[in-house]
1. Most exposed first by the Cβ proxy, i.e. fewest other Cβ within 10 Å, how do S71, S22 rank?
2. Under a point spin-label approximation (7 Å from Cα along Cα-to-Cβ), what is the L87-D54 distance to one decimal in nm?
3. Nothing charged except the Cβ atoms of Lys and Arg (+1) and of Asp and Glu (-1): what's the magnitude of the dipole of the stretch 24-91 about its Cα centre? Round to the nearest 20 debye.
4. Find out how many positive minus negative residues lie around R66, taking Lys and Arg as positive, Asp and Glu as negative, among other residues whose Cβ is under 13 Å from that of R66.
5. For L24, what charge total do you get from the other residues with a beta carbon under 15 Å from its beta carbon, if Lys and Arg give +1 and Asp and Glu give -1?
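No lab work stands behind these numbers, since they all come straight from the coordinates. Please read these numbers as outputs of a predicted model, since none were measured by experiment. With ideal geometry, Cβ positions are generated from the backbone for all residues, glycine too; neighbour counts draw on all protein chains shown.
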Amino acid sequence: MFADLGTLIRTERCPCMNEPLSILLENSIQIAWDYLERTGELGDPAVASPILLDSIEGLIRRGERRKLMLSNKAIDAYKRFKADQCLKQAS
């Protein structure tokens, strides 16, 4: 009788972990985009969007499903890209 209760409770506690991958991807990009925009670090949208997308998509393909982890890793990837661009322009 109680054997299934633990599983039932566990799935009801984390409904957000079962969102479709397309929604996870979209939400993660939006979080990263909003952060970069609010901090003034977002440069050219045509440059930023593929970097964020590639980063998040790669992590999703490796099994990551935590939205904030995906967003934070994408932000880090974009910041590294910007830093590399500054170094290339300086030399």
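1. Working: S71 23, S22 8.
In order of increasing Cβ crowding within 10 Å: S22, S71.
2. 1.6 nm
3. I would put it at about 300 debye.
4. +2
5. Here the count lands on +2.
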